[in-house]
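J.: My questions will all concern the structure given below.
The values are calculated or read from the model by the stated rules, or taken from the named source; none is laboratory data. This one's a predicted model, so the numbers in the text were calculated from it and none came from an experiment. Here the Cβ positions follow ideal geometry from the backbone for every residue, glycine too, while neighbour counts run over all protein chains shown.
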Amino acid sequence: MLPKTVKISKIIDENPSVKTFYFSHNLKSKPGQFVMLWLPDIDQKPFSISSDDGENFGLTVFKRGPLTEKLFTLKVGDRAGSTGPFGTCYSILPNRHYIMVAGGYGAAPLSFLSTKICELPGVTIDFIVGARSKDLLLFEDRLKLIPHLKIHATTDDGSAGRKGRVTDVLEELLKNATSKPLVVTCGPELMEKAVLDLCNKYDSDCELSIERQMKCGFGICGQCAVDDLGLCMCIDGPVVNRALANRIFELGKYHRDKAGNKINY
């Protein structure tokens, strides 16, 4: 958990506002965990891990704010500070059917999960990925290479895949399921809450990745505590199961900014 300086080994342009940065380091992470990335004189922020092959780990980054704007100017060979991995991870289980529900760059950690479970015996995957339009869909080409995985793409404008919401596809899959799937999701919180509601309706196991303001990554500052349990999402999350998600009062209602003020959805 000591801070490390990591070198950028590769950069991939995913779309006009998203890049994946690969760093040379054996992170030993699990899908769903995150790192705190630090740029001197700028800031430190949490980022979900989108890949980890034991030699390099990847962070898929949406350009928003001073730290990511600076990160987007860096080149291969430049360095950044990193601590982690932190937090809980998604379940990695054999002989299960997974339904993955990804909104926007929430596809990153679920893509990582897919690569970890696809070779396990008896694993099949329905991967639902959604975006506002075709040019914002992430990882379609990467997902097509993963064994035992079927892609269901949705877009708000109908420019790719099916026009509509990822939850429309999810409900159809849950309604027609012949065995009990494990639903895992990452994306905008209102989407995640809708996924949780459907899993409650169809009594399906599910795991959600809940994003909150994080400053330390290891439960000291309390910035990412959720109402009304007081659990810190950096150590008790970000990945939580259905039972715990149902107990988080603020989920889908509001989150808090850096000053602790409520921001309603």
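J.: Can you tell me which residues in the range 177-227 are more than 17 Å from residue 84 (Cβ to Cβ) and of a type in the set (Asp, Glu)?
T.: Once the filter is applied, which keeps residues that are more than 17 Å from residue 84 (Cβ to Cβ) and of a type in the set (Asp, Glu), the range 177-227 yields 189, 192, 197, 203, 205, 207, 227.
J.: OK, next. Among the residues in the range 135-152, are any touching a Pro at 6+ places or on another chain (Cβ under 9 Å), surrounded by 19 or more Cβ atoms within 10 Å (Cβ to Cβ) and either closer than 25 Å to residue 61 by Cβ or of a type in the set (Gly, Ala, Ser) (or both)? Don't jump to the end; show me each part of the working.
T.: Pass one, the range 135-152, residues touching a Pro at 6+ places or on another chain (Cβ under 9 Å): 135-136.
Keeping just the survivors that are surrounded by 19 or more Cβ atoms within 10 Å (Cβ to Cβ) gives 136.
Narrowing the set further to residues that are either closer than 25 Å to residue 61 by Cβ or of a type in the set (Gly, Ala, Ser) (or both) leaves 136.
Checked against the condition, which is being touching a Pro at 6+ places or on another chain (Cβ under 9 Å), surrounded by 19 or more Cβ atoms within 10 Å (Cβ to Cβ) and either closer than 25 Å to residue 61 by Cβ or of a type in the set (Gly, Ala, Ser) (or both), the range 135-152 yields at least one hit.
J.: Sticking with this structure for a sec: Would you please name the residue that is surrounded by the most Cβ atoms within 10 Å (Cβ to Cβ), looking only at residues in the range 14-58 that are without any contact (Cβ under 8 Å) to a residue 40 or more places away in the chain and not in a strand (DSSP E or B)?
T.: So, considering only residues that are without any contact (Cβ under 8 Å) to a residue 40 or more places away in the chain and not in a strand (DSSP E or B), the one surrounded by the most Cβ atoms within 10 Å (Cβ to Cβ) is 42.
J.: Still on this structure: From the list 149, 174, 143, pick out the single residue that is in contact with a helix residue (DSSP H, G or I) (Cβ under 7 Å, 6 or more places away or on another chain), in contact (Cβ under 8 Å) with a residue 60 or more places away in the chain and farther than 29 Å from residue 227 by Cα.
T.: Working: 149 fails: in contact (Cβ under 8 Å) with a residue 60 or more places away in the chain; 143 fails: in contact (Cβ under 8 Å) with a residue 60 or more places away in the chain.
Only one candidate passes the filter, namely 174.
J.: What residue, among those in the range 1-10 that are assigned to a strand (DSSP E or B) and in contact with a Ser or Thr (Cβ under 7 Å, 6 or more places away or on another chain), is farthest from residue 217 (Cα to Cα)?
T.: 9
J.: Hey, another quick one. Residues that are in the same structural domain as residue 108 (by TED's automatic domain parsing) and at positive phi: find the strands (runs of 3 or more DSSP E) completely inside the range 194-257 holding 2 or more of those. Reasoning before the result, please.
T.: Working: elements: 205-209, 239-241, 254-256.
Counting at least 2 such residues, we get no strands (runs of 3 or more DSSP E) at all.
J.: Related question: Hey, can you tell me all the residues within the range 59-94 that are modelled with pLDDT of 95 or more, charged (D, E, K, R) and part of a loop (DSSP other than H, G, I, E, B)?
T.: Answer for the range 59-94, where residues must be modelled with pLDDT of 95 or more, charged (D, E, K, R) and part of a loop (DSSP other than H, G, I, E, B): 75, 78.
J.: I would also like to ask the following. In the range 108-139, what residues are more than 25 Å from residue 93 (Cβ to Cβ) and out of contact with any helix residue (DSSP H, G or I) (no Cβ under 9 Å at 6 or more places or on another chain)? Walk me through how you get there before you give the answer.
T.: Let us first name the residues in the range 108-139 that are more than 25 Å from residue 93 (Cβ to Cβ), namely 131-137.
Selection gives 133, 134, 135.
J.: Something else now. Answer yes if at least one residue in the range 75-89 is basic (Lys, Arg), over 20 Å from residue 48 (Cα atoms), touching a residue at least 12 places away in the same chain (Cβ under 8 Å) and assigned by TED's automatic domain parsing to the domain that holds residue 21, and no otherwise. Break it down into steps so the answer makes sense when it comes.
T.: Pass one, the range 75-89, residues basic (Lys, Arg): 75, 79.
From what is left, the residues that are over 20 Å from residue 48 (Cα atoms) are 75.
Narrowing the set further to residues that are touching a residue at least 12 places away in the same chain (Cβ under 8 Å) leaves 75.
The next check asks that each one be assigned by TED's automatic domain parsing to the domain that holds residue 21; those that pass are 75.
There is at least one residue in the range 75-89 that is basic (Lys, Arg), over 20 Å from residue 48 (Cα atoms), touching a residue at least 12 places away in the same chain (Cβ under 8 Å) and assigned by TED's automatic domain parsing to the domain that holds residue 21.
J.: Among (1) among the small types (Gly, Ala, Ser); (2) modelled with pLDDT of 95 or more; (3) under 20 Å from the mean Cα position of the chain (by Cα), where does residue 133 come up short?
T.: (2)
J.: Check the range 190-205 and report whether any residue there is at pLDDT below 95 and over 18 Å from the mean Cα position of the chain (by Cα).
T.: Our first condition is that a residue be at pLDDT below 95; within the range 190-205, this holds for none.
Scanning the range 190-205 turns up no residue that is at pLDDT below 95 and over 18 Å from the mean Cα position of the chain (by Cα).
J.: Cβ-Cβ below 8 Å, separation at least six or inter-chain, first residue in the range 244-265 and of a type in the set (Asp, Glu), second not in a loop (DSSP other than H, G, I, E, B): which pairs?
T.: Pairs that qualify, where the first residue is of a type in the set (Asp, Glu) and the partner is not in a loop (DSSP other than H, G, I, E, B), are 257/263.
J.: Shifting gears a bit: Of the residues 109, 94, 66, which is outside the structural domain of residue 11 (by TED's automatic domain parsing) and over 13 Å from the mean Cα position of the chain (by Cα)? Reasoning before the result, please.
T.: Working: 109 fails: over 13 Å from the mean Cα position of the chain (by Cα); 66 fails: outside the structural domain of residue 11 (by TED's automatic domain parsing).
So the residue among 109, 94, 66 that is outside the structural domain of residue 11 (by TED's automatic domain parsing) and over 13 Å from the mean Cα position of the chain (by Cα) is 94.
J.: Related question: Restricted to the range 162-171, and to residues that are surrounded by 13 or more Cβ atoms within 10 Å (Cβ to Cβ) and without any contact (Cβ under 8 Å) to a residue 24 or more places away in the chain, which residue is farthest from residue 241 (Cα to Cα)?
T.: Step one: filter the range 162-171 for residues surrounded by 13 or more Cβ atoms within 10 Å (Cβ to Cβ), giving 162, 164-171.
Restricting the remaining residues to those that are without any contact (Cβ under 8 Å) to a residue 24 or more places away in the chain gives 162, 164, 168.
On the way: 162: 28, 164: 26, 168: 22 Å.
Here the residue is 162.
J.: For the range 134-175, give me each residue that is of a type in the set (S, T, N, Q) and closer than 23 Å to residue 189 by Cβ. Break it down stepwise before answering.
T.: Kept after step one, since they are of a type in the set (S, T, N, Q), are these residues of the range 134-175: 154-155, 159, 167.
Once the filter is applied, which keeps residues that are of a type in the set (S, T, N, Q) and closer than 23 Å to residue 189 by Cβ, the range 134-175 yields 154, 155, 167.
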